[in-house]
Amino acid sequence: MKIKFCGAAKCITGSCHLLEVSDTKILLDCGLFQGKDLKEFNNDEFMFNPKEISAVILSHAHLDHSGRIPKLYEQGFKGNVICTKPTVELCKVLLSDIENSCDKDEKSKSEIYFEKFIGYDYEEKIIINEDVSLIFRDAGHVLGSAICEIIINDENNIKLVYSGDVGNDNLLIVDDPQKIYSSDYLILEGTYGDKIHNVKRDEFDFLMEIIKKTISKNGNVIIPAFSLGRTQEIIYTLNKFIETEKDYNIDIYVDSPMATKITKIFENNKKYFDKEAKKFLNEGDNPFQFKNLHFIEELEESKKLKNKKGIVIISSSGDCEGGRIVHHIKNNIEDENSSLVFVCAQGYDTIGGHILGGKRNICILKEELEINCNIYNLQGLSGHADKNSLEKWVCNFKTKPKKIFLVHGKETALCELKDNLEKKKFDVSIPAIGCIENTNS
């Protein structure tokens, strides 16, 4: 078995790892390079021949794991994308958004390759070929996210576990990450290998306090949130808030066509919810539908929000690099009664990064603006496991893997996680992009 690390190695984005077993070549994810990683890596070029790939095993729908699959098909890939059933539905929304700028012929091509996405349930044994089989375990990161347990049926019967993105403990809606007890080799993400998150429940309580305080001053609460995962968590929490605070008559606007579509997918996949969310549903409470919750799709309706006060706006993109959120920030950032609440990580050289960096003035859509609104940073709401949760998850292994490969993280985060795991007697390496590991040697 050989593993070639083709993305998210000593960097965060572009997850893509080439697994070679005998004459079979399988990709573990095929994601976009994003943000600062784009300065060094090219999304149009692969470190392998797409025509030689037999299949893609996709851990989840986020674009840094799935976003280059259309490009893979364009360059000659003919195989199937193997993932969970919710991931199939989510990819049809997320990847179609990438294709929006294409002409009609290109769109028809995307419809064809979506037919090659094959969905499975957790715990279901999947036969890829006579040499390779697969089982998806719940990663607890986002709806449909999976830990990929790959069995190589050769004379050594090797098991490789690919973590995908390991979820934060006690995430809303989805279950906690499933424990894995054995593996010969482990490819492990380390996004927050050097960070400890605040308690998520405390962060949500703080968000409610921010909303109450801001609305009492007739200000607006602006929440940049990614369309998949974070938006649904915020809606879920606001539902509980509205249910308990009957006296609060607050209008909440989800201003994102993509988030609207994805929320509908959540509603259609309730069987994957955690016990608490299922309990709400059994009591007749749909957490994604409640009084004064409005989903905005049309641009003209979005523009009308500029004239409203005392409202909550949840909009994408979560990193404030584009989308309708930029206009909402521009319209409210000079209002000392309004609040801007960050619930997603912000890149260094971005609008959100500059605001969190303490700047008092900022240029948005070619207009210089004073930052007068209240700024809050609730990073405890991350969907990724922190250093303690990652180490705890790895320590569930009853038999230590022969080797752990750390990926999907800044080098500083991966180095700290490596040091901590080595203290627990694990054999750990941090491969660079292009590195090849041969387990037969």
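The values are calculated or read from the model by the stated rules, or taken from the named source; none is laboratory data. Predicted, not measured: the structure shown is a model, and the values here were computed from it. Here Cβ is always computed from backbone atoms with ideal geometry, including for glycine, and neighbour counts include all displayed protein chains.
Among (1) farther than 20 Å from Val326 by Cα; (2) surrounded by 13 or more Cβ atoms within 10 Å (Cβ to Cβ), where does Leu305 come up short?
Among (1) farther than 20 Å from Val326 by Cα; (2) surrounded by 13 or more Cβ atoms within 10 Å (Cβ to Cβ), the lone unmet condition for Leu305 is (1).
Hey, does segment 79-97 have a residue that's at pLDDT below 95, in the same structural domain as Leu27 (by TED's automatic domain parsing) and in a loop (DSSP other than H, G, I, E, B)?
No, there is no match, as no residue in segment 79-97 is at pLDDT below 95, in the same structural domain as Leu27 (by TED's automatic domain parsing) and in a loop (DSSP other than H, G, I, E, B).
Does any residue in segment 404-423 that is within 20 Å of Asp29 (Cα to Cα) come within less than 6 Å, Cβ to Cβ, of a residue that is of a type in the set (Ser, Thr, Tyr) and in a strand (DSSP E or B) six or more places away or on a different chain, and which pairs are these?
What qualifies is Phe405/Ser429.
Mind checking which residues of segment 351-381 are among the acidic types (Asp, Glu) and touching a residue at least 12 places away in the same chain (Cβ under 8 Å)?
Glu367, Glu370
Within segment 338-357, take every residue that is assigned to a loop (DSSP other than H, G, I, E, B) and touching a Cys at 6+ places or on another chain (Cβ under 8 Å) and give me the one that is nearest to Val221 (Cα to Cα).
Per the stated criteria, the residue is Ser338.
So which of Ile313, Ile404 ends up being within 30 Å of Cys435 (Cβ to Cβ), part of a strand (DSSP E or B) and modelled with pLDDT of 95 or more?
Just a single option satisfies the conditions, and that option is Ile404.
Can you report the number of residues in segment 12-31 which are in a loop (DSSP other than H, G, I, E, B), modelled with pLDDT of 95 or more and on the phi < 0 side of the Ramachandran plot?
Of the residues in that region, 3 qualify.
Find the residue count for segment 182-224, including only residues that are closer than 26 Å to Gly347 by Cβ, polar (S, T, N, Q) and at pLDDT 95 or above.
Number satisfying all stated conditions: 2.
Counting just the residues of segment 102-113 that are surrounded by fewer than 17 Cβ atoms within 10 Å (Cβ to Cβ) and closer than 18 Å to Gly79 by Cβ, which one comes out modelled with the lowest pLDDT?
Lys109
Name the strands (runs of 3 or more DSSP E) wholly within segment 167-267 that hold at least 1 residues that are without any contact (Cβ under 8 Å) to a residue 24 or more places away in the chain and either surrounded by 16 or more Cβ atoms within 10 Å (Cβ to Cβ) or in contact with a helix residue (DSSP H, G or I) (Cβ under 8 Å, 6 or more places away or on another chain) (or both)?
Once the strands (runs of 3 or more DSSP E) in segment 167-267 are filtered for at least 1 residues that are without any contact (Cβ under 8 Å) to a residue 24 or more places away in the chain and either surrounded by 16 or more Cβ atoms within 10 Å (Cβ to Cβ) or in contact with a helix residue (DSSP H, G or I) (Cβ under 8 Å, 6 or more places away or on another chain) (or both), nothing remains.
From the list Lys10, Lys36, pick out the single residue that is in the same structural domain as Cys83 (by TED's automatic domain parsing), touching a helix residue (DSSP H, G or I) at 6+ places or on another chain (Cβ under 9 Å), charged (D, E, K, R) and surrounded by fewer than 24 Cβ atoms within 10 Å (Cβ to Cβ).
Among Lys10, Lys36, only Lys10 is in the same structural domain as Cys83 (by TED's automatic domain parsing), touching a helix residue (DSSP H, G or I) at 6+ places or on another chain (Cβ under 9 Å), charged (D, E, K, R) and surrounded by fewer than 24 Cβ atoms within 10 Å (Cβ to Cβ).
If I go through segment 397-415 residue by residue, how many of them are out of contact with any helix residue (DSSP H, G or I) (no Cβ under 7 Å at 6 or more places or on another chain) and over 19 Å from Ile151 (Cα atoms)?
Number satisfying all stated conditions: 9.
For segment 321-334, state whether one or more residues are more than 28 Å from the chain's Cα centre (by Cα) and among the charged types (D, E, K, R).
Taking every residue of segment 321-334 in turn, at least one turns out to be more than 28 Å from the chain's Cα centre (by Cα) and among the charged types (D, E, K, R).
Take segment 358-372 and flag every residue that is loosely packed, with under 15 Cβ neighbours inside 10 Å and assigned to a loop (DSSP other than H, G, I, E, B).
Gly358, Lys359, Arg360, Leu365, Lys366, Asn372
Give the residues of segment 225-249 that are under 11 Å from Phe290 (Cβ atoms) and either touching a strand residue (DSSP E or B) at 6+ places or on another chain (Cβ under 9 Å) or at pLDDT below 90 (or both), sorted by residue number.
Correct list: Ile235, Leu238, Asn239, Lys240, Phe241, Ile242, Glu243.
Show the residue pairs that are 6+ apart or on different chains and have beta-carbon atoms under 6 Å apart, the first residue being within segment 116-132 and within 22 Å of Lys179 (Cα to Cα), the second being of a type in the set (Asp, Glu).
Tyr122/Asp138
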